[in-house]
Every structure is written in C-alpha cells, then in structure tokens.
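Below is one structure, written out as structure tokens; the observations come after it.
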Amino acid sequence: MLDTANQVCVVIGASHAGVNFAFNLRKEGWQGEVILFDSDPNIPYHRPPLSKSYIIDGDLNSNLLKPLESYKKDNITLKLGVKVSSINRNIRTISIENKGTQKYDKLVIATGARPFIPPISGIDSAANLFPMRTANDAIEIKKAIDSSEKKRVIIIGGGYIGLETAASLKKTGASVTVLEREERILARVTAPVMSDYFMELHQQNDVQILTNNNVSFIKTENGLNTVFCDDETSFEADIVIVGVGIRVNTELADTVGLEIEQGIKVNEFSQTNDENIYAIGDCTFHYNPHYKRYLRLESVQNAVDQSKVAAASICDKDLIYDTIPWFWSDQYDVKLQMVGLSNGYNDVIVRKEETENTSFSVWYFKDDALLAVDAINNGKAFVLGTRFIKGKQKINKTKLVDVSIPMKPTTFL
Amino acid sequence: MAKITFITADNESITVEGTSGSVMELAVNNNIKGIDGDCGGVCSCATCHVHVESEFVAKTGQAEELENDMLEFDDLTNEYSRLSCQLQVSEDLDGVVFKVAK
C-alpha cells in the first residue's frame, strides 16, 4: 500500500469532477489531506438541473452533490469562495488570492469552463443579462423573472442550455423567444431530424424559435433591452440569457507550461505532462480509445469517469479511461438521451415506435459502423445503443428501421 | 422517518435513516458503494440500480416505463430490479432492504 499519510492532494474546482474525485480518492485508500478549492461560494451542487428543474423549484439544497456531513465524514476539506491565482510547479504550491499558498503533493485541475459572452455591441450594458452556468446565474435569472411584470425573455443561442432554459422559463409564465444564428437549432450536435423535432416541440409549447437570426446589437434604456438582429428585426426583452457556448478555463495550467490543445491535454490516466498534476472534467483534452481521437467533452459522464481514473492513478491502481460518452437533456416532458459521438456520420436511421406517446430514436452511422444514438423518450434505444457501440456491433439497418421488429439485443443483427 | 438497509456487493449491510428525497440520494449521502446517481436522479444513467428484497416488493410498487426501459437489457436486472432514484423515501419504506446491484 502506497504511504500517503503525510501527503496533500489539492483539487482546484469543486465541480462534479472535483467532488467525485475527492470521494473516489478516499475510496481508493488515500490517507493524506484532500483539499478542494472553488471560487463558487455555494456547497458543491449538480449543474445539469440548473437549466432544467432548478429554475422552477429553486431549491439548491436538494441539488447538492453531497451533504456537508459527507465531506466531514471522509475528511475532505472544502475551501469555497476563494480563488486560486497561480500554480508553482517547482515547489509544488498553489497561490490563493489574498490567502497565501497551499502545498501539494498531487494537484488536480478541475477548472471546467466559463460561458462565452460574444462581442455583441451593447451586451456589457444590457439590463438583466445572464449566462447560465452557475447556481448564482440560475438564482439571478429566477429573481429577475419573479420581479419582472411582462417577463419577456430573449435567449441568444439554440443549443441545449438555451433550449432547456427556454422550456423551464416557459413553465414560470415567461414569454420566451430563442434567437439562433445557424439555420437550425442544435446544428452542431444533432441531425436535422432532431433539430426539427425540438423546433416543433418548442413551438407547440408556445416558445418562439427564430433561426438564421444573428444578434447584431443590444440597446438598453431605463432597464428595458431591445435586441436587434442582422435583418433589422428587433425584440424587446426584460431579460436576456446568453447560451452560445463556453471557453475552457485553461489559464492556470497554460501559464505554467502544462500542455494545452483545445483543453488541458491529459493521458489515459487523466495525467498532464507534469506527473504530479492531473486534470479532469470539461477542461481536459483527452484521448477516447473507442473513437480513436482526442476530444473535449462537456458532460457529467466525462467528469465522473475521469474522476475515477485520476483517483485510481494517484493511488497506484491500474485504471484507464475507456468509455463511450453519454448525455441527456430534459425539455418539457420529453427526455432525450444520447450516447456516442455522431461527428463524421454519413447515414442516419430514424426509428419511430408505434406507441401512443412520442418515442423515437436516431441512429448515426459512418458506413456500417454505429457512431451514436439519440433517443427521445426511449430508454431502450439508449441502453441498446450503448451496448452496440461498445461492442462494435454490426447492425442490420433494414431490421432496425422496421418497428414491427421489437427492440432487443439480438433482433437487429 | 424511515430506516432503510442497503446490502452492498461486498455483503456489507448498512442501515440509514431518511425522511425525504429519493432512495438514491439517501444512498449517495451515506456513501453506499455501488450507488453513484451520476445524473442526479432523473432516470438517465442507471447508476443507482438496486434489487428490492422480495418481501418488500409491495412497499416499493411498480416501475414506470422509462425506468423499465433503462433496466430491461441490463445483465444485472432481475424481477426485483429498481432504479433507486425513482423511489421516494417515506415512512412507507421503513424497514425495506435493498441489495445494491453493482
């Protein structure tokens, strides 16, 4: 057994990745100190519900990754509301803003990402304009909605964050319009059939989605925003939410010579080019053995899996990162589950089940190889898709599309 | 208040008390091995799979469609399988024993 009793493991970022890592490290037998730092003052929480249920029920306590007692029980120290300003690799310390330094033997960077605020003229002086990334963002949005009389919301960006927020805000009685620059929503991540489906779903729920609508500037007078698009249409907005993507928080790593390429580059153990420094979660650029390429993922799955791999490696156990990415999204009463990565697909099969409620799945292929599955209200397709992708199963597409053939592990062979 | 017992894959038996939230949350809050609850309890990840001890099946009731779909093709699924995020802690569950599937 590795002697770690006098060692210190420091984690920058008490995120899904960072917190899971800390508890995994204890499970793997780490005896020494474990200290988690985060600039967010809130007890670490689940991020996905922020744009989904949280904005409606607003209860952060039912949303915690772990209750405070669990940290105490596992002797994990939380230092919240403090900002780590630099890393010193030579003497293995980190500097904390206004609070001196902290020594580490192993350092884990879980700094995640921050919302990208596009350089739109007037965006800095807009009233009630928010990104959607932290609990505080969700709290502020909720406050602004509650205190607004007309509750007119413009959401810039028709990705998952924008669409989930639109669906949630609709439930609070807001009037919601989504402005998407591309010709379809979710253009970067799904096939057109999925974009069409979600477009219709939002329209049915009285959320307006306008594509090919690039915001050119925002004018704000007396707390009221007017959002102008390239085609000179304009929209009055009491609240503006920006969901156009993220920027990875690589600065701490970059300034001390850790390898950066789209994110912090890590090996199969989630280790950087410094053997004492690991990186996990949204901030990493990592190798996926199944898809045989390096990638960056914004997902709970990646956070969880890299937290396991890094904890195992630090405790000298043999575990490498080898998983199929999966994601989910909840909008209105629709559950979308996704597995795999569809990039590079050249064939799409849509299978619509003959059920009373909408249930279908979209299967992405590159020639005969199944790359990814999007499942709408269809857990079976999600689970089977995962199994098929993992097993590199060859699928009979003619059978797959035939809904008279039930969905079973062997029926599409 | 309900006393709920989890039996892990290593045959460790842990009894904990809960008043609200899901059985998955109760397990996660008490660091029960094998229950991860990665998706936070929205029936999306199936990392909170338990087997209800047979005598308590009446107390836990029946799974809904999505939950069944998530479980159907899991190698560890049997007739007592549930996703614990879909079970709410209440006095009705007092005394129930769950075996962690993983």
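The values are calculated or read from the model by the stated rules, or taken from the named source; none is laboratory data. This structure is a prediction, so every number in the text was calculated from the model and none was measured. In this analysis, Cβ positions are derived from the backbone assuming ideal geometry, glycine residues included, and neighbour counts consider all displayed protein chains. These accessible areas exclude ligands, DNA and RNA; they are computed on the full protein's heavy atoms, side chains included. Shrake-Rupley method; radii C 1.70, N 1.55, O 1.52, S 1.80 Å.
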>> Six or more apart or on different chains, Cβ atoms under 8 Å: show the pairs whose first residue is in the range A:247-264 and on the phi < 0 side of the Ramachandran plot and at pLDDT 95 or above and whose second is acidic (Asp, Glu) and open to solvent by 30 Å² or more (accessible area, probe 1.4 Å).
In response: A:Ile260/A:Asp254
> Here are some residues: A:Ser62, A:Ser39, A:Ser51, A:Ser15. Which one is open to solvent by 50 Å² or more (accessible area, probe 1.4 Å), more than 19 Å from B:Ile32 (Cα to Cα) and among the hydroxyl-bearing types (Ser, Thr, Tyr)?
Replying inline: A:Ser39
>> out of contact with any Gly (no Cβ under 9 Å at 6 or more places or on another chain) and touching a residue at least 24 places away in the same chain (Cβ under 8 Å): which single residue out of A:Val373, A:Val350 fits that description?
In response: A:Val350
>> For the range B:3-23, which positions are buried (at least 20 other Cβ atoms within 10 Å of the Cβ) and assigned to a strand (DSSP E or B)?
In response: B:Ile4, B:Phe6, B:Gly18, B:Ser22
> For the range A:352-378, how many residues meet the condition of being outside any loop (DSSP other than H, G, I, E, B) and within 14 Å of chain B (Cβ to nearest Cβ)?
Replying inline: 6
> When you go through (1) crowded, with 24+ Cβ neighbours inside 10 Å; (2) assigned to a helix (DSSP H, G or I) one by one for A:Ile139, which number turns out not to apply?
Replying inline: (1)
>> Is it the case, given these coordinates, that A:Arg114 is charged (D, E, K, R), closer than 14 Å to A:Val242 by Cβ, in contact (Cβ under 8 Å) with a residue 12 or more places away in the chain and open to solvent by less than 50 Å² (accessible area, probe 1.4 Å)?
In response: no
>> Conditions first: (1) in a loop (DSSP other than H, G, I, E, B); (2) free of Cβ contacts under 8 Å to residues at least 40 places away in the same chain; (3) surrounded by fewer than 18 Cβ atoms within 10 Å (Cβ to Cβ); (4) not hydrophobic (A, V, I, L, M, F, W, C). A:His290 passes all but one, so which condition is the exception?
In response: (2)
>> Testing A:Ser329 on (1) open to solvent by less than 30 Å² (accessible area, probe 1.4 Å); (2) of a type in the set (S, T, N, Q); (3) within 14 Å of chain B (Cβ to nearest Cβ); (4) in a loop (DSSP other than H, G, I, E, B), one condition comes back false. Which one is that?
In response: (4)
> Restricted to the range A:69-103, and to residues that are within 14 Å of chain B (Cβ to nearest Cβ) and of a type in the set (Asp, Glu), which residue is most open to solvent (accessible area, probe 1.4 Å)?
Replying inline: A:Glu69
> If you check every pair at least six apart or on different chains, which have Cβ atoms under 8 Å apart with a residue in the range A:378-390 that is among the aliphatic types (A, V, I, L, M) first and a residue that is open to solvent by 10 Å² or more (accessible area, probe 1.4 Å) and in a helix (DSSP H, G or I) second?
Replying inline: A:Val383/B:Asp69; A:Val383/B:Glu72
>> Take B:Glu72 and tell me if it is away from chain A (no Cβ under 12 Å) and farther than 30 Å from A:Ile43 by Cβ.
In response: no
> How many residues does the range A:345-373 hold that are more than 22 Å from A:Ser404 (Cβ to Cβ), of a type in the set (Ser, Thr, Tyr) and open to solvent by 50 Å² or more (accessible area, probe 1.4 Å)?
Replying inline: 1
>> Exactly one condition in (1) more than 13 Å from the chain's Cα centre (by Cα); (2) part of a helix (DSSP H, G or I); (3) not aliphatic (A, V, I, L, M) is false for B:Cys85; which is it?
In response: (1)
> Among (1) closer than 30 Å to A:Tyr278 by Cα; (2) outside any strand (DSSP E or B); (3) open to solvent by 10 Å² or more (accessible area, probe 1.4 Å); (4) more than 14 Å from chain B (Cβ to nearest Cβ), where does A:Val309 come up short?
Replying inline: (3)
> What are the residues in the range A:167-199 that are among the small types (Gly, Ala, Ser) and open to solvent by 20 Å² or more (accessible area, probe 1.4 Å), if any?
Replying inline: A:Gly173, A:Ser175, A:Ala187
> If we keep just the residues of the range B:46-69 that are open to solvent by 20 Å² or more (accessible area, probe 1.4 Å) and not in a helix (DSSP H, G or I), which is farthest from the other protein chains (Cβ to nearest Cβ)?
Replying inline: B:Glu53
>> Being out of contact with any strand residue (DSSP E or B) (no Cβ under 8 Å at 6 or more places or on another chain), outside any helix (DSSP H, G or I) and not β-branched (Val, Ile, Thr) is the filter here; which residues of the range A:154-180 pass it?
In response: A:Gly159, A:Gly173
> Which residues, counting only those in the range A:379-402, are part of a helix (DSSP H, G or I) and open to solvent by less than 60 Å² (accessible area, probe 1.4 Å)?
Replying inline: A:Gly379, A:Lys380, A:Ala381, A:Phe382, A:Val383, A:Leu384, A:Gly385, A:Thr386, A:Phe388, A:Ile389, A:Lys397, A:Leu400
> Among B:Ser90, B:Ser13, B:Ser22, which is more than 14 Å from chain A (Cβ to nearest Cβ), hydroxyl-bearing (Ser, Thr, Tyr) and under 24 Å from A:Lys72 (Cα atoms)?
Replying inline: B:Ser13
